[in-house]
Structures are given as structure tokens and as C-alpha cells.
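K.L.:
This is the structure, below, for whatever I ask next.
A short reminder: the numbers here are calculations on the coordinates, not readings from a lab. Just so it is clear, the model here is predicted, and its values are computed rather than measured. Here the Cβ positions follow ideal geometry from the backbone for every residue, glycine too, while neighbour counts run over all protein chains shown.
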Amino acid sequence: MSEELTRFQIQLLLYFLEAEPKKRTVTDAARYFGKTKVSVTRTLDSLEKLGIVERTQARKTVLSHYGTKLAQKFQQQYQIAERYMQYLDLTPLQAKNNALSALLAGFSEEYLNRMQEQEERMYIKEVFAGRQNFSGQELCDYLKDGSYFFPFVIYREHIKNGNNISMGNRGFEHPCELIVKDHIGTIYLTIRTVSAPSALTGQLMEGRIKSLSYQLNGKLTNAEQEGRYFCFPAKALQFISMGSGRDIVLHGSVCMQMQCSVGIIHMPESLAIFTMFIS
């Protein structure tokens, strides 16, 4: 529907949803937008033909049931876009104009969801700016219920042959998923099959991560396995905020131990450091 409505039609739709009831008149709307009453009346007439507004017996213009639902949808989308624009260092007026342009462009639900997720990340980075130590639980205290995807790297505890990336980094699909419910977060890692030379024979072998444990409160705890996923609580992560302004990166890490299905003789078990980035 958004692509069928003009900029002023959408503005009037939002005005009749948000304004005080006594100000939902042609005169007040014309004054608010700096338009003539004739222009407002014609626009309302066009919205009435679309079933978005209707006239009461007292000839007062009100949103129809359909119009109210549509206005609420636009309001939610507008607020998401406006908050996102504000985090791009735009002025309030620029943010409002760009948010309205987003509605006119008819952005898909998927695109707006991505925009909301990015806005959420920007908000989180602002909250924790300058913090040198905070937990994954503190992070989740500020996150809304939902699913979030973040890049990660699993590092070796010690550098080997000039490389500090753990073989376990290849044992999972990227990115990882953080699912938050009632401010409780769980990290999900999707298992994948990898090939690597045997530490004993040098022969190429194929295997999967068969067990994973993570450090919590100073001791290693077995991660739960749910089908193709290993999962562990986000509270196990310890975060640090790096950078400033829009370039802030939240860096969360936890010690892990993994074992491959080919056995420790061929691929020795060792400590690694799981590191997740919010940028």
C-alpha cells in the first residue's frame, strides 16, 4: 500500500493517528503542515476513497478500522527508520525526512527488520561505550527478544606455525546466532564437517566437532547439543568495548575446549578462545 500513497497522504495518516483527538481536524492539520485547508480536504477525500478514513455523522473525519491498522503499521516502520537514521549522525529533521522517504520507497518487512537489528546494535554499542569489562548477561539485559547473528573467530590458546586461528573455527558455520528470550541469551553454533591432516599420520581425515565445553565461573562446563547445534549461555562471555563513536566494536570472548569425532590422537584436544564481535 505504501507505494500507492503520496508523501502527504502518509503524513496525514500518521497525524490522525498521533494528534490529540480535538486537533484531528482539517484546520489543525493544515496549520500543522503549513498547507491550505483545500489541500488537506482533497487529500482526506482521496484517503476516504481508499477506505482509510471515514466521516462520522457529525461530518468529522476519523481513521477507519483499516486505516488505524495501516497507520499503526506505518508508525512502527517510521519509528524504526527514524531511530536508525539518528544513529547515522543525521540531524533530527534529516532523520524524519529520510524515515518518511523509507516508507514511500515501500521497504520490505525483511529490510526493515534488518534496519531494526542494526539500530539495536547501534543502541547497544552506545550503552556500553567505554566499558572495559561487562558480561554477556549485562548485554542481554538491554536486548529485546529475538534472534541476532554475529561474526566470530575461534583462536588457539597458543600460536602454532605462526597461526593463531583454531581448527575449531572451521568446525562451525559462520556467523553464530544469539537468541534472546526474557533477557536470557543463548549462543548457537552450527556444526559442519571439515577435513584436515591427522596430527599422527599426516593423512587427510574428515570429522566433526563431537563435544564442546565452555568456561563459566572458573570451570569448564559441557555445552548442550541440539541436533546440528552446540549451544551455551551468553552469560559465559566477557566483553570489552573498543573504539569510539560509530566505530565502536564490542568484543566478547570465552575459553572453550573441543574434541573432534576422529579422536584426540589425530586431532588433539586443546583450549581455544571463542570471540564474538558486535560492530
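K.L.:
Using a Cα-Cα cut-off of under 22 Å, which lysines could be cross-linked to residue 125, ignoring same-chain neighbours fewer than 8 residues away?
P.N.:
Output for residue 125: 144, 181, 235.
K.L.:
Still on this structure, I have one more. Taking a cut-off of 14 Å between Cα atoms, list the aspartates and glutamates near residue 22, but don't count ones fewer than 8 places away on the same chain.
P.N.:
Here the aspartates and glutamates satisfying the reach criterion relative to residue 22 do not exist.
K.L.:
Quote the relative contact order of region 134-278 in percent (integer), defining contacts as alpha-carbon pairs under 8 Å separated by 6+ residues. Kindly include the intermediate steps, with their values, before the conclusion.
P.N.:
On the way: 327 pairs, mean separation 39.3, N = 145.
Reported relative contact order: 27 percent.
K.L.:
Report the gain in length on full extension from residue 277 to residue 8: 0.36 nm times residue separation, minus Cα-Cα distance, nm rounded to one decimal.
P.N.:
Details: separation 269, 0.36 × 269 = 96.84 nm, distance 4.14 nm.
Going from the current span to full extension adds 92.7 nm.
K.L.:
Using the 10 angstrom Cβ neighbour count as an exposure proxy, how do 256, 115, 276 rank, fewest first?
P.N.:
115, 276, 256
K.L.:
In degrees from 0 to 90, rounded to the nearest 10, what is the angle of the helix 109-127 Cα long axis to the longest principal axis of the chain?
P.N.:
70
K.L.:
Only counting other Cβ atoms within 10 Å, I'd like 279, 195 sorted with the fewest neighbours first. Walk me through the numbers before you get to the answer.
P.N.:
Working: 279 14, 195 9.
In increasing order of surrounding Cβ atoms, one gets 195, 279.
K.L.:
Using helices alone, what [θ] at 222 nm do you get for the chain, with -39,500 (n - 2.57) per DSSP H run of 4 or more residues, divided over all residues and rounded to the nearest 500?
P.N.:
Rounded to the nearest 500, the figure is -11000 deg cm²/dmol.
K.L.:
Moving on. With labels modelled as points extended 7 Å from the Cα through the Cβ direction, what inter-label distance (nm, one decimal) is found for residue 181 paired with residue 22?
P.N.:
The modelled label-to-label distance comes out at 4.8 nm.
K.L.:
Please identify every one of the trypsin sites (Lys or Arg not before Pro) in region 115-218 that sits in a loop by DSSP and has no more than 16 other beta carbons within 10 Å of its own beta carbon.
P.N.:
Hits after loop and neighbour filter: 131, 144, 192, 208.
K.L.:
Which one of 227, 245, 257 has its Cα pushed farthest toward the positive end of the charge dipole of the chain, where Lys and Arg give +1 and Asp and Glu give -1 at the Cβ?
P.N.:
Working it through, the farthest residue towards the positive pole turns out to be 245.
K.L.:
What percentages make up the Cα-Cα pair-distance distribution of the chain when the bins are 5 Å wide from 0?
P.N.:
1, 5, 10, 12, 12, 10, 9, 8, 7, 7, 6, 5, 4, 3, 2, 1, 0, 0
K.L.:
Residue 94 to residue 157: extension gain in nm, 0.36 nm per residue of separation minus the Cα-Cα distance?
P.N.:
17.9 nm
K.L.:
Where nothing but the Cβ of Lys and Arg (+1) and of Asp and Glu (-1) is charged, how large is the charge dipole of region 134-278 around its Cα centre, in debye to the nearest 20?
P.N.:
Charge dipole of region 134-278: 300 debye, to the nearest 20.
K.L.:
At R0 = 22 Å, how high is the FRET efficiency between residue 113 and residue 141 if r is their beta carbon distance? Nearest 0.05 is fine. Present the calculation step by step, with values, prior to reporting the outcome.
P.N.:
Details: r = 22 Å, r/R0 = 1.00.
With R0 = 22 Å, the Cβ-Cβ based efficiency is 0.50.
K.L.:
Sorted from fewest to most neighbouring beta carbons within 10 Å, what does the list 159, 154 look like?
P.N.:
Values: 159 10, 154 20.
Result, fewest neighbours first: 159, 154.
K.L.:
Stretched out fully, how many nm does the piece from residue 219 to residue 132 gain, at 0.36 nm a residue minus the Cα gap?
P.N.:
29.1 nm
K.L.:
Explain nothing, just the number: relative contact order of the chain, from Cα pairs under 8 Å at least 6 residues apart, as a whole percent.
P.N.:
15
K.L.:
Now for a separate question. Rounded to the nearest 20 Debye, what is the dipole magnitude of the chain about its Cα centre when Lys and Arg each give +1 and Asp and Glu each give -1 at the C-beta?
P.N.:
780
K.L.:
What is the Cα radius of gyration of region 46-90 over 2.2 N^0.38 Å, N being its residue count?
P.N.:
In units of the globular-protein estimate, region 46-90 measures up at 1.59.
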